[in-house]
Structure formats: C-alpha cells, structure tokens
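Here is the structure we will look at.
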Amino acid sequence: MSIGIPYKQAKLADRWDAIVIGSGIGGLTAAVLLAEHACKRVLVLERHYRAGGFTHTFNRPGYEWDVGLHYIGQMQDQGSIVRRAFDHVTGGQVRWQPMPEIYDRIFIEGQKFDFAAGLDHFREGLKQSFPGEAHAIDRYLAAVHSSNRASGLYYAEKAIPGPIAALAGGLMRAPYMRWARRTTREVLESLTGNRELIGVLTAQWGDYGLPPAESSFAIHATIAEHYFAGGSYPIGGAGSIAAAMAPRIELDGGGVVTGAEVAGILLEGTRAVGVRMSDGREFRSGMVLSDAGAANTFGSLLPPDLPSLASIRAKLRTLRPSTAHVSLYAGLDETADALGLNGTNIWVHPGFDHDANVERFARDMEAPLPGVYLSFPSAKDPTFADRYPGKCTIEAISMLPYAAFARFEDTRWKRRGEDYDALKNRIASRLLAELERRVPSVKGKISHAELSTPVTTRHFMNYGQGEIYGIASTPERFAMRALGARTPIRGLYLTGQDVSGLGVVGALFGGVISASAALGKNLLSAVSKPFSGPDA
C-alpha cells in the first residue's frame, strides 16, 4: 500500500509548525498527537521510499512480508493501555487478529516448550515442565510484575518539564532502577539454579535482542509480561498501521513525505528551527522531533562542535547498538491452511545457555546459529488469502553480530559482490534447512526466497551497525538519564524506541513521551483513556 507523497513530487511549504524526521511508529505517533492535541501542521520526512519504519511491508509479485512487526501483545484486552494507545493514534482503524492459544513454541536441545496465552496457562505450563521449580516460577513472575509496576514513574520522568525532573527525577527513577541495573541472568540466577528453566524463560531474547547476561532485567520483564495474555497481528498486515496514521496527520494540514532525506538540523544559537535536506532545501518549523535514533541525531544531524552536546555524545559513546539480524523471506504457492500453518511462532535454540550460543557463533560462523525464529505472517492475517490467493509467506530470522557483514557496508545495494552473495547463500541455506526441519510440510514447495542482512538494515533503516532495536537495552542504557525526549537543544526532541522501550510498542510510547515533552501536556493520560470508537 502506498503511504505518503514522494518528495520529488510533493509541493511543500517552507514553514511548518513541527517537523518530524523519520516515519517509524515513534515519529508517526508524535506527529499524530501534535496534530490532534495541538492542531499542529506537521511535516514528516522519511528517507526510505516507504513510510512506517519497521512496521512497513514489502512485496514481490504474489507475496507480502512484514519486516519488523511479527506479533504484538495486550491487544485483545480493550482496556489495556497498549490497545488504547494504538486505537488512539490510528483512530481505531486497525483491527487485530488473535494468534493461536500457543503463541510461541520453543525447541531447545530436542525438548519442546509451549507458551500458552493467559498468565495462569503460562504459569502452569512452566510448572508442568519443571515440577520441582514451582516456587522459583512464582518468584520469577512476582519479579516481572514488580519491575513493570515500577516503570511508570521512570518513563514519566522523561516527559515532565526539565525543572521538575531535576528536582524529583531521581526519586521517580529509583524503584525501577533497582531492577534495571541488574542483568536478566543475575536476577534469574538469584531465583533458581536450574539452567534449563532459565533457558526457557529467556527463550524470547530475540524479542529484545540481547542474551541474558547482557540484557537489563527491566527489558526482559517488559517483553515477558507483554505476551502473557498472548499475541495478536494487525489484520491487513503491518502496513495497515502507518496507513491509518498518515491521514490523521494530513487532517490538520500536515503531510508524510517519502524519499526525503534530511541532511541536518538547522540551528539559531542553541535552538532548533528546522531542517536542511540532502538537496539543499530548507524547511523551517517551531519544533523538530527526531525519530532517526539518538546516535544519528547527535552524531550526524547536528554540528560536531556544539559544547552543549559534548556530555551526551560522550555518554552515548559508552552505549552499544542492539543486535543485528538476518531474515529469510520465503514465498510458497500454497495456502497456509493447506500446509498446516496456524500462525504459532517457533523459536529454535541450540542449547539452554543463550549467552554461550551467541559467543560461540561470534567466534565461529560455522557454529550453530545462536537462535532461529520462524514467523508465519500469512497465517496470522485472515485477509492474506483474499489479497494473495493460493499463496503464503514465512520468515526465518536469526540474530547475528554486525561484524559478520561489516566488510560489505560500503558496497552498493544489489551490487555488493560475489563474496557477499556467497555468504548470504550459506546463511540462507542454513535458515531454510531449519525451517524445513521444523515445518516439514514446506519442503520442496518454496518458490521464492531472499535474505536480508545487517547491511540491508543499515541501508534502509539508516542504523550504523544494522541494529534493529536502537541502543542496546543494557543496564547502562537504563541508567543514562540524558536518554529521553528532551535534548540540550531547545526545540529539539527525540522520539521512538531510544526514548522509551524497544520494538514497535516501545517506539509508540516513545512518541507519546516526545509529544508530551514538546507540548508540555500529559498525553499519556490522553492515550490511556477508553477509546470511544472509530472516527466518523
């Protein structure tokens, strides 16, 4: 689906109320809220030829795949803040299909573990698999709930006015930081010595991109609880989200423009006053919100010699990017039903120690892949069969270090050379073999397959090391108080997943925080209210 207007075809005014750099869901959310709650004319500038960031989809003749949204939790509960926030920014135009009761199926060392929707089902499933660990499982769930309950004030501190944050911010952050400063492995090892249980509890580590010894327990807790009630998928595909949001921006005279690369943020003294495009054109605005990521915003979009940015730049250099990944996009000329695909995600790990799996592959790329995630978008979307009759699509994903592909970063897309193609083919063959092993019905029936790599992500998403979750969710990231919506540049705000949590939901709430900070309003309260129904 086409969203936005190509830059070269757009007739754009020189002056806007606000400019948003990037059309990921964090940027689109901020733009919608600025338009809806302050009647701002917002210009959203997207360098890619498609809007939506990691929520966009791409097509090949007869097929469609999502690139970053594989499932969302908390959507079937009309009262959840996640569902209300999505309904608020999309005008209730996106419908959600529940996934099967078993939303995630885990395979480790020949053993199978099912994650079933509903906290009681999840708990009892774990206790059946680990009958001697019932107390540890209860303590784990209590720790997850405690961490998440403490998160509200931590994120609120990022949106409140700076003077208030300076006075009360430390107290607001402290309860959450008691969890966030510890790694996932540290917390779990304090609860149980059972390595297999720890391996199962952290089997979804690909959803936040760091194995247990590296990730903050806070992000693990956020993601784990997010899926306790099961998963959902947007009906019509992931692209339906941006398609619903763009018209809401346009209602107040704003617009979403694609193929529009921002070269820099314009400053007058210490205030942001607009942007300069790669073709030299300038657009002026009362505020600028960047969804380009903290590293890009402070590293390449602003002058290198600003004294006010010295401190935050130094702190950012101490944080590393999140994981990179490869994704095999497979298309088949049979329906999901005919192949017995019901939409349940499959996670495959070579061993229960995910840190060891990652370290082994980093040393030797011929070692087992550190984990493989299989997703079945056409089986999750009830409209896919109508849109693409007789077809289905599958994705096989693995988290890989960017270093494996770094030598190709300066090559051109689709012209990266024989060595690159050979490396891609080797990895694609391994992913395909794992797919056929876990889903034998697809063997010999794949008619289209192509692999995206970390340098593909770098090219399209403009992340320096092909990272998919922005800044890595380590304890150090959560401790960095300067990483929020407010910046040392007046009139410049960050939005997206570097502001809040990671992934699509994290980026959405990053947009809520950013718009709140920019307008001086509590928009979290606004998006948390019950949704009254789709726009007329």
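The values are calculated or read from the model by the stated rules, or taken from the named source; none is laboratory data. For clarity, every value in this text was computed on a predicted model and none was experimentally measured. Cβ sites come from the backbone with ideal geometry, for glycine too, and all protein chains shown count toward neighbours. Protein only, heavy atoms only, side chains kept; ligands, DNA and RNA dropped before computing areas. Shrake-Rupley method; radii C 1.70, N 1.55, O 1.52, S 1.80 Å.
Only one of the numbered conditions (1) within 20 Å of residue 293 (Cβ to Cβ); (2) modelled with pLDDT under 95 is not met by residue 493, and that is (2).
Table: residues versus (1) over 17 Å from residue 285 (Cβ atoms); (2) open to solvent by 10 Å² or more (accessible area, probe 1.4 Å).
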residue: 11; (1), (2): yes, yes
residue: 30; (1), (2): no, no
residue: 34; (1), (2): no, no
residue: 58; (1), (2): yes, yes
residue: 82; (1), (2): yes, no
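Check whether at least one residue in the range 104-119 is open to solvent by 10 Å² or more (accessible area, probe 1.4 Å), part of a helix (DSSP H, G or I) and over 25 Å from residue 356 (Cα atoms), and report yes or no. There is at least one residue in the range 104-119 that is open to solvent by 10 Å² or more (accessible area, probe 1.4 Å), part of a helix (DSSP H, G or I) and over 25 Å from residue 356 (Cα atoms). When the range 353-366 is filtered for residues that are in a loop (DSSP other than H, G, I, E, B) and open to solvent by less than 10 Å² (accessible area, probe 1.4 Å), nothing remains. Among the small types (Gly, Ala, Ser), open to solvent by less than 50 Å² (accessible area, probe 1.4 Å) and modelled with pLDDT under 95: does that describe residue 26? So residue 26 fails the test.
Residue under question is residue 425, and the condition is that it be open to solvent by 10 Å² or more (accessible area, probe 1.4 Å) and either among the hydrophobic types (A, V, I, L, M, F, W, C) or closer than 23 Å to residue 362 by Cβ (or both); does it hold? Before the answer, list the steps.
Numbers: open to solvent by 10 Å² or more (accessible area, probe 1.4 Å): yes; either among the hydrophobic types (A, V, I, L, M, F, W, C) or closer than 23 Å to residue 362 by Cβ (or both): yes.
So residue 425 passes the test.
Go over the candidates 241, 219 one by one and state the one that is within 25 Å of residue 64 (Cβ to Cβ) and β-branched (Val, Ile, Thr). On inspection, the qualifying residue turns out to be 241. Which of the residues belonging to the range 59-90 are under 17 Å from the mean Cα position of the chain (by Cα) and more than 19 Å from residue 516 (Cβ to Cβ)? Of everything in the range 59-90, those that are under 17 Å from the mean Cα position of the chain (by Cα) and more than 19 Å from residue 516 (Cβ to Cβ) turn out to be 65, 66, 67, 68, 69, 70, 71, 72, 73, 74, 75, 83. Considering the range 376-400 alone, what residues qualify as being polar (S, T, N, Q) and surrounded by 24 or more Cβ atoms within 10 Å (Cβ to Cβ)? 378, 393 - these are the residues of the range 376-400 that are polar (S, T, N, Q) and surrounded by 24 or more Cβ atoms within 10 Å (Cβ to Cβ). The residues in the range 430-483 that are of a type in the set (S, T, N, Q), outside any helix (DSSP H, G or I), open to solvent by less than 40 Å² (accessible area, probe 1.4 Å) and farther than 20 Å from residue 219 by Cβ can be counted, and the count is 2. Within the range 159-176, not a single residue is without any contact (Cβ under 8 Å) to a residue 40 or more places away in the chain, of a type in the set (D, E, K, R), open to solvent by 10 Å² or more (accessible area, probe 1.4 Å) and assigned to a helix (DSSP H, G or I).
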